[in-house]
Amino acid sequence: MKRKAIAYWVANFFVTLILGISGGLAITHSAAMMKGLSHLGYPPYFSNILGVGKIGGLVIFLAPGLPRLKEWVYAGFTITVLSACYSHFSSGDGLLALEPLATFAALMVSYVTRPLGRRLVPAAIG
């Protein structure tokens, strides 16, 4: 049981670090983020959407309870990370396109190992 808890928190730390930094860079319109989004073909305003979505999602991701919202956050983060992978691939970034898969793997470890209090409890049948 202890290994499961350690895996959960290590994965959460990694996801929070990656999405927190990239969300912060997006909200502040850092030069590197804007250059990267431009390379991928996204308009400048997309940075606002991406940053607010990541930071807002992290608030729910780290908050205790809120299992239904956490399900939506996991889904949203999955879409965001896999879209980043596809965007880099479509822009000709070669093996760099695989980099977001590390965050995806950590996100899946977090999802599978999350404690019962952070899961949706199935409704009783009958």
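The values are calculated or read from the model by the stated rules, or taken from the named source; none is laboratory data. Quick caveat, the model's predicted, so the values are computed rather than measured. Every residue, glycine among them, receives a Cβ derived from its backbone with ideal geometry; neighbour counts consider all protein chains shown.
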Members of region 76-102 that are in contact with a Phe, Trp or Tyr (Cβ under 7 Å, 6 or more places away or on another chain) and buried (at least 20 other Cβ atoms within 10 Å of the Cβ): V81
Some residue of region 11-33 being surrounded by 12 or more Cβ atoms within 10 Å (Cβ to Cβ) and touching a Cys at 6+ places or on another chain (Cβ under 6 Å): no
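Touching a residue at least 12 places away in the same chain (Cβ under 8 Å) and part of a helix (DSSP H, G or I), is that true of I55? Before you say what the answer is, go through the steps one by one.
Details: touching a residue at least 12 places away in the same chain (Cβ under 8 Å): yes; part of a helix (DSSP H, G or I): yes.
Judged against the criteria, I55 is a match.
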Neighbours by Cβ (under 7 Å, 6+ apart or cross-chain): first from region 106-125, within 16 Å of V59 (Cα to Cα); second at pLDDT 80 or above and of a type in the set (A, V, I, L, M): L107/V15; L107/V81; S110/A11; S110/V15
Residues located in region 85-102, provided they are closer than 30 Å to P64 by Cα and in contact with a Leu (Cβ under 7 Å, 6 or more places away or on another chain): C85
Breaking point among (1) buried (at least 17 other Cβ atoms within 10 Å of the Cβ); (2) under 24 Å from S91 (Cβ atoms), for Y45: (1)
Qualifying residue in region 25-48 (condition: in contact with a Pro (Cβ under 9 Å, 6 or more places away or on another chain), of a type outside the set (D, E), in contact (Cβ under 8 Å) with a residue 12 or more places away in the chain and outside any helix (DSSP H, G or I)): yes
Test result for A5, assigned to a helix (DSSP H, G or I) and closer than 18 Å to R114 by Cβ: yes
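Per-residue answers, yes or no, for (1) farther than 22 Å from A102 by Cβ; (2) of a type outside the set (V, I, T):
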residue: V15; (1), (2): no, no
residue: I18; (1), (2): no, no
residue: Y42; (1), (2): no, yes
residue: F46; (1), (2): yes, yes
residue: G51; (1), (2): no, yes
Lone unmet requirement of (1) part of a helix (DSSP H, G or I); (2) out of contact with any Gly (no Cβ under 9 Å at 6 or more places or on another chain) for L120: (1)
Among the candidates I60, I18, residue that is under 19 Å from V109 (Cα atoms), touching a Lys or Arg at 6+ places or on another chain (Cβ under 9 Å), assigned to a helix (DSSP H, G or I) and β-branched (V, I, T): I60
